[in-house]
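The values are calculated or read from the model by the stated rules, or taken from the named source; none is laboratory data. Computed from a predicted structure; not experimentally measured. Ideal geometry is used to build each Cβ from the backbone, glycine not excepted, and the neighbour counts take in all protein chains shown. Keep in mind that these areas ignore ligands, DNA and RNA; they rest on the heavy atoms of the full protein, side chains included. Shrake-Rupley method; radii C 1.70, N 1.55, O 1.52, S 1.80 Å.
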Number of protein chains: 2
Amino acid sequence: MRTVYCGQLDLSHVGREVTLCGWVNRRRDLGGLIFIDMRDREGLVQVFFDPDRQEAFARASELRNEFCIQLTGTVRARPDSQINSEMATGEVEVLATSLTVFNRSEPLPLDSNQNNTEEQRLKYRYLDLRRPEMAARLKARARICSFVRRFMDGEGFLDIETPMLTKATPEGARDYLVPSRVHKGKFYALPQSPQLFKQLLMMSGFDRYYQIVKCFRDEDLRADRQPEFTQIDVETSFMTAPQVREVMERLIRELWQEIKGVDLGAFPVMTYAEAMRRFGSDKPDLRNPMEIVDVGDLVKNLEFKVFSGPANDPKGRVAAIRVPGGAQLSRKQIDEYAKFIEIYGAKGLAYIKVNSRSAGLEGVQSPVAKFLDAGVLESILTRTDARDGDMIFFGADRAKITTDALGALRLKLGRDLHITDEQRWAPLWVIDFPMFEQDDEGGLAAMHHPFTAPLDVDPQALAAEPLSVVANAYDMVLNGYEVGGGSVRIHRSEIQQTVFSILGIEEQQQRDKFGFLLDALKYGTPPHAGLAFGLDRLVMLLTGTDNIRDVIAFPKTTAAADPMTDAPSFGNPDALAELSIAVIGKGKEAAERGQQ
Amino acid sequence: MRTVYCGQLDLSHVGREVTLCGWVNRRRDLGGLIFIDMRDREGLVQVFFDPDRQEAFARASELRNEFCIQLTGTVRARPDSQINSEMATGEVEVLATSLTVFNRSEPLPLDSNQNNTEEQRLKYRYLDLRRPEMAARLKARARICSFVRRFMDGEGFLDIETPMLTKATPEGARDYLVPSRVHKGKFYALPQSPQLFKQLLMMSGFDRYYQIVKCFRDEDLRADRQPEFTQIDVETSFMTAPQVREVMERLIRELWQEIKGVDLGAFPVMTYAEAMRRFGSDKPDLRNPMEIVDVGDLVKNLEFKVFSGPANDPKGRVAAIRVPGGAQLSRKQIDEYAKFIEIYGAKGLAYIKVNSRSAGLEGVQSPVAKFLDAGVLESILTRTDARDGDMIFFGADRAKITTDALGALRLKLGRDLHITDEQRWAPLWVIDFPMFEQDDEGGLAAMHHPFTAPLDVDPQALAAEPLSVVANAYDMVLNGYEVGGGSVRIHRSEIQQTVFSILGIEEQQQRDKFGFLLDALKYGTPPHAGLAFGLDRLVMLLTGTDNIRDVIAFPKTTAAADPMTDAPSFGNPDALAELSIAVIGKGKEAAERGQQ
């Protein structure tokens, strides 16, 4: 029905007759002519109707914004004075000779100046997606997926689909459940990830697997989470962790080259311990140059217990962070930062304003200065590399509190004071995570997941001192976001059983829940390792948005609802009876209210 | 960890040292040497261990089938006498110099001669997938997907993901429901297809969309159905039905060229009416040359009411099918075919055995011959183009019964008598389906779906005589399977509302269920059309299997269960309470029994 897209017209088309299909982006009447900007997925072009072509002109006079039309006309170069350099097609325009209206449009229910709530935008998502900046993100997403697939295909990875109707995980708390009609009383679960299936594919010998796949997690949503999200899911056999990282790093580097024209360079590799120590985070944003510096050894002999207490406690940490140019911060700002770090359990924010580095105790302003002697001060300023006009902030508490608080403070200061270079890309690998962490009930939880292999350890040593064991796991971090994570997997049943035991999963439970995995490990399981990227996050980074809903065609609200289709909705009673389930409790009350 | 795949070794590697990773496919000891066929995803190669290399030999002596190993060795050409032409790598072998066992294997629980039930194969799916013919199908599937994506990308289609947690459809009977934890009492539904979302994407202006996407249908399963299945889903704006068919036909033609090296040629286009008349099916298998021939006009004046009754009834049909060489069929066989067509409501199977075409009534054998005169017989034989040795079968009943029975009989005879050329590929398009069909309750149902546009008709004419209206819909048929189907969609709200009304969906219901679609149609909806292919079916055809479970990595049984992971499973009571649902009725009884 069309010969060319609006957005593709340029001087090479001058003199040619073209047929266009698209929408009236804007109409304006000028000097007896009717001008429209016509829009299709590739862009805009200016079309004008001349009263001499009566039929087309008469029809054009009925055009309103967002009418869907087809028109034929001749491409002309615009006179120099009318060239619109803001518009990709601004050197040309189309003189329309005929016009068909495919469909009229009522005035849109969305404000064209974008004064719309997100709820309104989601209710009329199909209209919001007409905005070129929204359409561009989804086009970029398609291009990104296509690139990833070509790369993975080229590296010999096989695209294999894993099931969506799967078995519920033991905890089950975050599973979306799906009642079975055939097996009444039973439920499938939507997968939180294809983890075990991809491991089974390695056991089958597929060697290299990938999939761009929907995953599901029913958790309390935050602004950057969605109940359904998409992973680039990868698994390999017979590759070491560094080999897996090499391929995946190359993928991301080539992807950035393709989409952004940017060379990310080689990714630094940092241990979890180093990342926590220097940046207070397992996903450090390296665009921010500030680092956390330990000063415990310098202050342990002070009378000042706030510092010397944690400095002498093996579980304590005293550390500092130098804020370049931070001496300008007001008392009020400092108080706000002190309040901010209370979230992390910190009980105050000691600081030293460095007015004149060379003037010793006289050159600084600090509520704690009186507790320091000149030597300690000097050694702190030296270690933090302080300069005139800087601010030194301190954390002194249990190690976790100090680390978390200074880590968060570092990020906030980086943004607030424009110390973080937002124009840069700063990727890295974080490796050597702990296998386990203490959970809230005092038990142990897997830091990655229970299928992650420990690094160089036998089952006995693993069981003996689990908290000190390092996992052969790795995260890819970019600009402070974890964009991907993975690990070498356990490929021996005795280690898998040991890990399950450490996690408090008893033998019978192990059989019930993971019998198929333990069985599979008996039949020549290869060493294998993998990784998963969060596609939504990658697209967000590549399209420059902080809103995950901007990179998903039909997202849910933060309350996991779709205002457009009105999903979820109350169940049809017959359908529920057929599934042998009934709505009870709060749900029943809600349904009764809703169906009145 | 490897330098090359086992299956890639050939004479070009002779003299080279290689490292291989994979599985012991088979071990045999011969003349003091140990031979193994070593397997990886690319194939097999013969490796031998020489007692002179003591360490490797000692380790090799412990090898059993399915051990997962790594070995290094030197590639040698086999002596002419030992070349194995059955094996892709049969010209070479590897002399092992070192061996590492990654993992041992217990004897497999599956019979190596494939005497396994499908239940056993599914329980140990990861082992069954080690079989080269199983692995080959999944590798072909990956290649097919990759090809389809490259084609679609190249044609400017955008890969856009649509949601999995969607709104239940009005009927809801086949929806998988997903209880919402946040919105207690409410449910999402897993999509039976992304139909409305892809239409909305056209309303947004994306112009060309595709997705390879999981869809779900909770229906009573047949051998060739799965609760979750995969579609190649396509939608376009501003394209006519023939244009859509052209692109999609090209995709399939190029796919067959790529995977099978076969040129499918141009696809014939046939109306639904013609397909039903000539082949008794809306998905005719054109590899079968037999056709159904109307003979009602020839028999309407006979005294023989079995023929003349339906022949004179406007709702009746009398037709014949010529079976080449069918005169050889025994009385018993004919009785079996008569029994077979009873399924379709036929009450008998009249036939004429043509022994000698030139001998008139004397030359045939038939229980109905006595009711025919020579002229009628001759005209029937002429019209069916009967030859000596043929069989003519008749259907004479209500049109639907005659058509269905002869259509089914045609397929069965084609297979039984090897008349159907199983080596051929016979694609076609079937177009011009009826918009509506009568449902069991006497109402009207959409033959495709309620969003299908009628062909050239205004809302008034549509409402006046819906059963005679033709839909602008098309199916792609290949070897008797519907591999894809689609239509031009309704893009005007008055037609959409008329269709809803014809289907008995009242105005309030229209708003409740499809409000967002009716809204969307008000804002400049473009003309649009699309199609969806069943990926599983395409892969089945391309890999030569009749079993849908052969082309899915982790399929469900026909009872929609997974014997490997034991999904679905009884719900965790806490999780169900959290979702505000309870299991009742039969499900509750089952759960109580199951959890004792």
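What is the residue count in segment B:99-114 for residues that are open to solvent by less than 20 Å² (accessible area, probe 1.4 Å) and at the interface with another protein chain (Cβ under 8 Å from one of its Cβ atoms)?
2
Exactly one of these conditions fails for B:Val488: (1) more than 30 Å from A:Arg39 (Cα to Cα); (2) open to solvent by 20 Å² or more (accessible area, probe 1.4 Å); (3) in contact with a helix residue (DSSP H, G or I) (Cβ under 8 Å, 6 or more places away or on another chain); (4) assigned to a strand (DSSP E or B). Give me its number.
(1)
May I ask you to say which residue of B:Phe238, B:Phe216 is in the same structural domain as B:Gly486 (by the TED database) and touching a Cys at 6+ places or on another chain (Cβ under 6 Å)?
Being in the same structural domain as B:Gly486 (by the TED database) and touching a Cys at 6+ places or on another chain (Cβ under 6 Å) holds for just one of B:Phe238, B:Phe216, which is B:Phe238.
Just the residues that are at the interface with another protein chain (Cβ under 7 Å from one of its Cβ atoms), basic (Lys, Arg) and in a loop (DSSP other than H, G, I, E, B), please, taken from segment A:115-139.
Once the filter is applied, which keeps residues that are at the interface with another protein chain (Cβ under 7 Å from one of its Cβ atoms), basic (Lys, Arg) and in a loop (DSSP other than H, G, I, E, B), segment A:115-139 yields only A:Arg130.
When the residues of segment A:198-219 are filtered to those that are outside any strand (DSSP E or B) and within 8 Å of chain B (Cβ to nearest Cβ), which remaining residue is modelled with the lowest pLDDT?
A:Asp218
If you check B:Ser81, B:Ser85, which single one turns out to be free of Cβ contacts under 8 Å to residues at least 40 places away in the same chain and either assigned to a helix (DSSP H, G or I) or within 11 Å of chain A (Cβ to nearest Cβ) (or both)?
Answer to the check: B:Ser81.
If we keep just the residues of segment B:59-73 that are of a type outside the set (A, V, I, L, M) and more than 14 Å from chain A (Cβ to nearest Cβ), which is most open to solvent (accessible area, probe 1.4 Å)?
Looking at the filtered set, the residue picked out is B:Arg59.
Sort out which residues of segment A:1-54 are without any contact (Cβ under 8 Å) to a residue 40 or more places away in the chain and more than 41 Å from the chain's Cα centre (by Cα), and write them in order of number.
If the condition is that a residue be without any contact (Cβ under 8 Å) to a residue 40 or more places away in the chain and more than 41 Å from the chain's Cα centre (by Cα), then A:Ser12, A:Arg28, A:Asp29, A:Leu30, A:Gly31, A:Gly32, A:Leu33, A:Ile34, A:Phe35, A:Pro51, A:Asp52, A:Gln54 are the ones that fit.
Taking the residues in segment B:11-32 that are assigned to a loop (DSSP other than H, G, I, E, B) and touching a strand residue (DSSP E or B) at 6+ places or on another chain (Cβ under 6 Å) as candidates, determine which candidate is nearest to A:Glu155 (Cα to Cα).
By that ranking, first place goes to B:Arg16.
Scan A:Ala266, A:Ala223 and give me the residue that is modelled with pLDDT under 95, surrounded by fewer than 24 Cβ atoms within 10 Å (Cβ to Cβ) and more than 7 Å from chain B (Cβ to nearest Cβ).
Checking each option against the conditions leaves just A:Ala223.
Tally time: how many residues in segment A:147-185 are open to solvent by 10 Å² or more (accessible area, probe 1.4 Å), part of a helix (DSSP H, G or I) and either touching a residue at least 40 places away in the same chain (Cβ under 8 Å) or at the interface with chain B (Cβ under 7 Å from one of its Cβ atoms) (or both)?
Qualifying residue count, segment A:147-185: 4.
Restricted to segment B:33-42, and to residues that are open to solvent by less than 50 Å² (accessible area, probe 1.4 Å) and either in contact with a Cys (Cβ under 6 Å, 6 or more places away or on another chain) or in a loop (DSSP other than H, G, I, E, B) (or both), which residue is farthest from B:Phe102 (Cα to Cα)?
The extreme case among them is B:Arg41.
Return the residue satisfying two criteria in turn: it lies in segment A:522-537 and is away from every other protein chain (no Cβ under 14 Å) and open to solvent by less than 10 Å² (accessible area, probe 1.4 Å), and of such residues it is farthest from the chain's Cα centre (by Cα).
Taking the candidates together, the pick is A:Gly530.
Looking for something open to solvent by less than 10 Å² (accessible area, probe 1.4 Å), aliphatic (A, V, I, L, M) and not in a strand (DSSP E or B) - is there at least one such residue anywhere in segment A:48-58?
Yes, segment A:48-58 has at least one match.
Picking from B:Arg278, B:Arg253, which residue would you name as being open to solvent by 50 Å² or more (accessible area, probe 1.4 Å) and more than 19 Å from B:Gly486 (Cα to Cα)?
Testing whether each residue is open to solvent by 50 Å² or more (accessible area, probe 1.4 Å) and more than 19 Å from B:Gly486 (Cα to Cα) leaves just B:Arg278.
Residue-by-condition table, conditions (1) open to solvent by less than 10 Å² (accessible area, probe 1.4 Å); (2) more than 12 Å from B:Phe187 (Cα to Cα):
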residue	(1), (2)
A:Ala553	yes, yes
A:Ala559	no, yes
A:Phe570	no, no
A:Glu578	no, yes
A:Ile584	no, yes
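Run A:Ala241 past the list (1) open to solvent by less than 10 Å² (accessible area, probe 1.4 Å); (2) within 18 Å of B:Thr230 (Cβ to Cβ); (3) out of contact with any helix residue (DSSP H, G or I) (no Cβ under 9 Å at 6 or more places or on another chain) and report the number of the one that doesn't hold.
Tallying (1) open to solvent by less than 10 Å² (accessible area, probe 1.4 Å); (2) within 18 Å of B:Thr230 (Cβ to Cβ); (3) out of contact with any helix residue (DSSP H, G or I) (no Cβ under 9 Å at 6 or more places or on another chain), A:Ala241 fails exactly one: (2).
Give me a count of the residues in segment A:84-98 that are open to solvent by 70 Å² or more (accessible area, probe 1.4 Å) and over 37 Å from the mean Cα position of the chain (by Cα).
Going through segment A:84-98 one residue at a time, the tally reaches 1.
Looking only at segment A:487-539, count every residue that is touching a His at 6+ places or on another chain (Cβ under 8 Å) and not β-branched (Val, Ile, Thr) and tell me the total.
7
Are any of the residues in segment B:245-254 closer than 21 Å to A:Asp159 by Cβ and facing chain A (nearest Cβ under 9 Å)?
No, that holds for no residue.
Collect the residues in segment B:420-437 that are aliphatic (A, V, I, L, M) and under 22 Å from the mean Cα position of the chain (by Cα), keeping them in residue-number order.
Within segment B:420-437, B:Ala426, B:Leu428, B:Val430, B:Ile431 qualify.
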